[in-house]
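One structure is given below, encoded as structure tokens.
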Amino acid sequence: MSSIGSSNIGFQLLKKSGWKEGTGLGAQEQGRLEPVETRVKNNKRGLGSKEPKPKAEDDVETAPSKRPKNPPSTKKAKLAAKRIRKMQEEEKRAQEKEFEIAFFREFWPDNV
């Protein structure tokens, strides 16, 4: 691995902070001497994962063209469920607000 060039912004920032070329990072200069190697990550597995996601047996047997597509009714059902959840959350917030008002009325009736 090669070191970064002196025109690199990171190199310039380190120099301004008092770092000397060829020494490690850290208070006792014990840190790494070379920059961390970068590579493009194209999957959604996580940073430490190197192997591809294992396929389930039923995915291997069924070709992509033979798989049934999600019918539009599934999409509508998901949207309806989302709307219902949102309405339930709003109802819960309203109940909490009513409780809070009732609580304050009980202890401080002049303020509410």
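Nothing in this text is a laboratory measurement; each read-out follows from the coordinates by a stated rule. Nothing here was measured: the structure is a model prediction, and the numbers come from that model. Cβ: placed from backbone, ideal geometry, glycine included. Neighbour counts: every protein chain shown.
With a Förster radius of 35 Å applied to the C-beta separation of Glu29 and Ser49, the computed FRET efficiency comes to 0.60. Taking a Cβ cut-off of under 13 Å around Leu25, the surrounding Lys, Arg, Asp and Glu residues balance to a net charge of 0, with basic ones at +1 and acidic ones at -1. Between Gln95 and Arg39, the simple spin-label model (points 7 angstrom out along Cα→Cβ) gives 5.2 nm.
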